[in-house]
């Protein structure tokens, strides 16, 4: 009977495993790749997408193009039944579970992101893990420039023109370098912004940047970024974040409206729920990728803890979570699965890194290849040439080459076409003293206090007298928009560090119109609070 | 004192007016353009974006590139005070109103879309007016192919592979032609989909398509589309729509999960609130674009009713809402504003259409130029050449030409990178008999009934006995997910045409966690309904 090999994940690890298996085993096996997106993301190019040097569509390739003859299922993995040897997924509108049987299972689900340990970060920072993240960052940066161009308030302008990146590993350094280039090249279209008003900061908790690279290259990178106006704060992490500020671990408060968190790697949430041995959130595997205690279950890539030697114990004894390693792991894994199917012994994974490349944007880079180090324009060209060749598909390469050439010769477009997704209910953090909204502002949402305290101040238009009250967790404010108020009648300020849930106007109105009990609650509330005409009634 | 000319809207009308004014008046005036997006959309190319023939970024140009020396304000227009001669806008996070003074005001806000007259259409149809619409349509179409590829349910596959376009004017015909090409070219990557399983339909209420074009061309277009497998239903409109079906005015029920509405043009919502004379929702202007009864206020483009002759009364006596006319109107308007500033008389607008072009996709088109008509490949090339020259900016042209060349030589990418925006609360329509969800489905939302009735059926796992109850407007269901239920315990079906408000799981949980009264209501409700252990308790 034909063996079914199911691969969970269509990134570097999963995609190359599938191709290698097809190459080795041909039609003698059924191969299925399950991924939540229908495309493969060429992650090293994400910072270029974030900076607008290439289009989003050039950094991705349809899995169907790369996996001809392999069944591609666009679906979300829900769970695995290791006894029945089935995977349960949700596809389409994702209501009905589909059960997918396997003979061999490969878990290549990569890593997720978890910023919840730092107050405010999950709600106010941007990440750089997916294609959507990269596009959103670009849209966000341009939105800040647009706002800074027209605002008349100095503190708003300062916050809009301060950009913070947290983490100075590869992701952070490439992101900040590309972002700086985007900003620098866009400024000539924003006559009201002076270059000196822009502040770009990288926060790194360790005492040096790019810990994975040799000293000489890290030093070059730091100097180059500094000469381009990027501030590097070493020994500094982020302590908390709001929509308008970042507080560092050294107590400095930075007015900023852009925080990019490249830290916070975490296990894929699906992997965490699987009944497999985990350590540091990664799947424990033997040197040949087999998952301990599970028959015909394998794991590789960022979600697996792959020992590179017997008795591995230190962090550097395990395979690093890079594309370079994922591709070599995939080749060895495919060989091992073939071996197992044919009753032969498997081989342990062994690979020595060939080096590392990083782009600093603006035509400069750093490269370590086969023990030699390069910096500057040459390293940047090596970076581009390497990834160009590595990209799957001739036409993707042609398109990226065209984009790069055009980018060198013409202005970089500042069209802001990727707006942040609208979400009905969001969490927002405020620091003690922050103003949440002020009298006269457009009434755009309904707030509930999750923790902390706020002070509501109303000034009676007639008498000029001010009325103040303080409310805390569990209370709410801003519901007057149900009375048809379009402008706020009071000013609300946080008196402690406060977290709120805000429901935007449209959502609030939909719920009030549609959900009787919700409406009734507010009718009663408003009747109680305003009905008797007390001047300092709730906001 | 320097005159300030404020232009509301950055489309063809507004953008070309600004450029022409700058050309004529140089630095003697201040010109400001206010637009809610920071880019100009080259609308004729939107169907190509929807089909993936070009990238979204190639159909737009930053206003700042096109309007050097002109102040560009990215903001939403709130209102105009004609006595004070100011415009109130919201910019940035859009809380604080900004007041912009003017000496001359140009209203060029275009048209909006209003599908509310047909039940279900506003909630379940896609539109093709903006760049986001075009991207969303592409993502939607590919999502349907992905789902059809893997689903095991015939009725789901049929619905996923049926695509309906409403309206056979320019927009509808170009959209359906391009969409058909995208689908045809993608099918080779979806081995489980046979071309015969795909159904593409255009509904047109009139008795012929392309009413604005000569008979000969409309006939050619209809034949060409038919030969490519597009069904054209004449004399047919849409009566109602749900998430899985469309009902025509002739009573036919079509299983479909893609409805593109190119009808439903409506006045821009902002214009409707302005204190200017309106007729059919358009601003009434004199032949020289001046708004009746308002000093130094002008209007042009899609939002204005511009008479082309004295005593205009029939529809064809007014300027049609096309880009071709908008550009000529802009030139005449700029001349008229200059004239008024310099104390000279204004001139009436006069222009005779030079023709019209439409692409049918797949290398075929129709063209009417200076009275001559063309069809086929030649017309399609004329279409491409014309718009290529019309595009603003050398590099945009180069990029579009590159995209087109690549598109001719390589496969069209099916990466589904534009997902529909998540909204916390949505309205959904169901027809009598539709199943809303069934037992075993993943519990993904909380439902409130706005109108209609539903039947909830639970089968007791132990006894096999079924329990049914019917609830109507104001009642809710699906709240068991608050108890941590991840799979539905009952099946819910609409017994009448029903409209519901759905709050997705994530929103529901955020609100329950954050809003005490909300949570309390459900705690009480669940206590009342489940607490006493009745087997047919609510769902």
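For the stretch B:125-241, list the helices (runs of 4 or more DSSP H) that sit wholly inside it and hold at least 1 residues that are farther than 24 Å from residue A:96 by Cα and within 14 Å of chain A (Cβ to nearest Cβ); which are they? Helices (runs of 4 or more DSSP H) meeting the threshold: B:131-150, B:170-186. Annotation note: of B:70, B:34, B:5, B:57, the sole residue that is within 21 Å of residue B:341 (Cα to Cα) and within 14 Å of chain A (Cβ to nearest Cβ) is B:70.
Filtering the stretch B:334-345 to residues that are within 12 Å of residue B:296 (Cα to Cα) and in contact with a helix residue (DSSP H, G or I) (Cβ under 8 Å, 6 or more places away or on another chain) leaves B:337, B:338, B:341.
Inside the stretch B:112-152, residues that are buried (at least 19 other Cβ atoms within 10 Å of the Cβ), without any contact (Cβ under 8 Å) to a residue 60 or more places away in the chain and out of contact with any strand residue (DSSP E or B) (no Cβ under 9 Å at 6 or more places or on another chain) make up a count of 1.
Quick check: is even one residue across the stretch A:74-91 within 30 Å of residue A:176 (Cβ to Cβ) and touching a residue at least 60 places away in the same chain (Cβ under 8 Å)? No, there is no match, as no residue in the stretch A:74-91 is within 30 Å of residue A:176 (Cβ to Cβ) and touching a residue at least 60 places away in the same chain (Cβ under 8 Å).
If you go through the stretch B:275-285 and keep only what is without any contact (Cβ under 8 Å) to a residue 40 or more places away in the chain and surrounded by fewer than 20 Cβ atoms within 10 Å (Cβ to Cβ), you end up with B:277, B:278, B:279, B:280, B:281, B:284. Entry remark, the stretch B:15-41: residues being in a helix (DSSP H, G or I), crowded, with 24+ Cβ neighbours inside 10 Å and out of contact with any helix residue (DSSP H, G or I) (no Cβ under 7 Å at 6 or more places or on another chain) number 1 in total. Reported count of residues in the stretch A:86-111, each being away from chain B (no Cβ under 14 Å) and surrounded by fewer than 20 Cβ atoms within 10 Å (Cβ to Cβ), is 3. Checked against the criterion of being outside the structural domain of residue A:63 (by TED's automatic domain parsing), modelled with pLDDT under 90, in a helix (DSSP H, G or I) and surrounded by fewer than 19 Cβ atoms within 10 Å (Cβ to Cβ), the candidates A:404, A:395 yield just one match: A:395.
Given the structure, is residue B:385 under 30 Å from residue A:407 (Cα atoms) and within 14 Å of chain A (Cβ to nearest Cβ)? It is false that residue B:385 is under 30 Å from residue A:407 (Cα atoms) and within 14 Å of chain A (Cβ to nearest Cβ). For the stretch A:350-371, filtering for residues that are in contact with a strand residue (DSSP E or B) (Cβ under 8 Å, 6 or more places away or on another chain) and not in a loop (DSSP other than H, G, I, E, B) leaves 12. When you check residue B:428 against the structure, is it more than 8 Å from chain A (Cβ to nearest Cβ) and in a helix (DSSP H, G or I), yes or no? Here the answer is no, as residue B:428 does not meet what is asked. Look at residue B:68 and say whether it is part of a loop (DSSP other than H, G, I, E, B), surrounded by fewer than 24 Cβ atoms within 10 Å (Cβ to Cβ) and either in contact with a helix residue (DSSP H, G or I) (Cβ under 7 Å, 6 or more places away or on another chain) or at pLDDT below 95 (or both). Yes; evaluated as a whole, the condition is true for this residue.
All told, residue A:49 falls short of being buried (at least 22 other Cβ atoms within 10 Å of the Cβ), assigned by TED's automatic domain parsing to the domain that holds residue A:282, closer than 27 Å to residue B:156 by Cα and in contact (Cβ under 8 Å) with a residue 60 or more places away in the chain. Residues that are exposed (fewer than 15 other Cβ atoms within 10 Å of the Cβ) and either within 11 Å of chain A (Cβ to nearest Cβ) or at negative phi (or both) within the stretch B:362-382 comprise B:369, B:372, B:377, B:378, B:381, listed in sequence order. Among the strands (runs of 3 or more DSSP E) confined to the stretch B:435-539, the ones with at least 2 residues that are within 11 Å of another protein chain (Cβ to nearest Cβ) are located at B:435-437, B:445-451, B:498-504. For the stretch A:1-14, the set of residues classified as touching a helix residue (DSSP H, G or I) at 6+ places or on another chain (Cβ under 9 Å) and farther than 22 Å from residue A:396 by Cα consists of A:2, A:3, A:5, A:7, A:8, listed by residue number.
The values are calculated or read from the model by the stated rules, or taken from the named source; none is laboratory data. Keep in mind it's a predicted model, so treat the numbers as computed, not measured. We place every Cβ from the backbone using ideal geometry, glycine too, and count neighbours over all the protein chains shown.
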